[in-house]
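Engineer: Below you will find the structure I want to go over with you.
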Amino acid sequence: MKTQYYTSASLDGFIADSHNSLDWLFQFGEAGDSYPNFTREVGAIAMGATTYEWILTHQSDEDADPPQAWPYEQPAWVFTSRILPAIEGADIRFVKGDVLPVHQEMMAAAGNKNIWLVGGGDLVGQFYDRGLLDEVIVSIASVTLGSGAPLLPRTITTPPLRLLSAKAYGDAFAELRYEVPVRVDDTTA
């Protein structure tokens, strides 16, 4: 079982633009990436409130164009300090506070499958801070945004992430898979 951050980012390291838009990403359509294979191995997911609200507004809300069902079959933990609307029929658990006890719940629910940190970058950083992040899998798109939501707003230099693989998808994406090494001084978990 691994806790993985799987996402797409611009070449200059942003997962959303300064208006919290993903239009820059959707211009590519289906990129033929590893998403279907990745999600088959996922048993639980976590996301922040901004990611959840984006899904509500752009996909699952009745005003979305076109409205779609909740996109995940796995149980989802949404980290928020606010009251957010639930989605009928979806296994969504609203939580707040330290990621460590929630991660333990997620591990139990995932069984022998992986935990996917859907987003955003700061939430993933909290998992990293607690020594709970095992892999970063990022599809780098051939665009730059100049500003926006950063991929992972943490300084990670020693030890550095370890590149496991790099693969081209079409003429616009490079998927990079990194292992997050255990930090010698990590006593937080």
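The values are calculated or read from the model by the stated rules, or taken from the named source; none is laboratory data. Only a predicted model underlies this, so the values are computations on that prediction, with no experimental measurement involved. Note: ideal-geometry Cβ built from the backbone for every residue, glycine included; neighbour counts use all protein chains shown. Protein only, heavy atoms only, side chains kept; ligands, DNA and RNA dropped before computing areas. Shrake-Rupley method; radii C 1.70, N 1.55, O 1.52, S 1.80 Å.
Engineer: Please go through the range 134-156 and pick out each residue that is outside any strand (DSSP E or B), touching a strand residue (DSSP E or B) at 6+ places or on another chain (Cβ under 8 Å) and closer than 23 Å to residue 1 by Cβ.
Structural biologist: 134, 152
Engineer: Considering only the range 140-148, I want to know if a residue exists there that is without any contact (Cβ under 8 Å) to a residue 60 or more places away in the chain and not β-branched (Val, Ile, Thr).
Structural biologist: No.
Engineer: Within the range 62-78, can one find any residue that is open to solvent by less than 30 Å² (accessible area, probe 1.4 Å), free of Cβ contacts under 8 Å to residues at least 12 places away in the same chain and part of a loop (DSSP other than H, G, I, E, B)?
Structural biologist: Looking for residues that are open to solvent by less than 30 Å² (accessible area, probe 1.4 Å), free of Cβ contacts under 8 Å to residues at least 12 places away in the same chain and part of a loop (DSSP other than H, G, I, E, B), one finds at least one in the range 62-78, hence yes.
Engineer: Further, regarding this structure: Among 97, 131, which is the only one that is more than 23 Å from residue 56 (Cβ to Cβ) and assigned to a loop (DSSP other than H, G, I, E, B)?
Structural biologist: Just a single option satisfies the conditions, and that option is 131.
Engineer: State which residue pairs qualify: first residue aromatic (Phe, Trp, Tyr) and inside the range 1-22, second residue in a loop (DSSP other than H, G, I, E, B) in any location, beta carbons under 6 Å apart, and separation of 6 or more residues or different chains.
Structural biologist: Hits for this filter: 14/145; 14/148.
Engineer: Give the range 18-57 a look and list any residue that's closer than 18 Å to residue 141 by Cα, within 16 Å of the chain's Cα centre (by Cα) and not in a helix (DSSP H, G or I), or say none.
Structural biologist: Hits for the range 18-57 are 20, 21, 22, 33, 34.
Engineer: May I pose another question? Name the residues in the range 169-189 that are assigned to a loop (DSSP other than H, G, I, E, B) and modelled with pLDDT under 95, would you?
Structural biologist: 170, 171, 172, 181, 182, 183, 184, 185, 186, 187, 188, 189
Engineer: While we're on this one: Could you list, in sequence order, the residues of the range 3-27 that are among the aromatic types (Phe, Trp, Tyr) and open to solvent by 60 Å² or more (accessible area, probe 1.4 Å)?
Structural biologist: 26 - this is the single residue of the range 3-27 that is among the aromatic types (Phe, Trp, Tyr) and open to solvent by 60 Å² or more (accessible area, probe 1.4 Å).
Engineer: Please state which one of 175, 88 is out of contact with any Pro (no Cβ under 7 Å at 6 or more places or on another chain), charged (D, E, K, R) and open to solvent by less than 40 Å² (accessible area, probe 1.4 Å).
Structural biologist: 175
Engineer: For the subset of the range 157-168 comprising residues that are at pLDDT below 95 and part of a loop (DSSP other than H, G, I, E, B), which member is least open to solvent (accessible area, probe 1.4 Å)?
Structural biologist: Looking at residues that are at pLDDT below 95 and part of a loop (DSSP other than H, G, I, E, B), I get 159.
Engineer: Got a sec? Which of 143, 118 is open to solvent by 10 Å² or more (accessible area, probe 1.4 Å) and farther than 13 Å from residue 46 by Cβ?
Structural biologist: Working: 118 fails: farther than 13 Å from residue 46 by Cβ.
Criteria check complete, one pass: 143.
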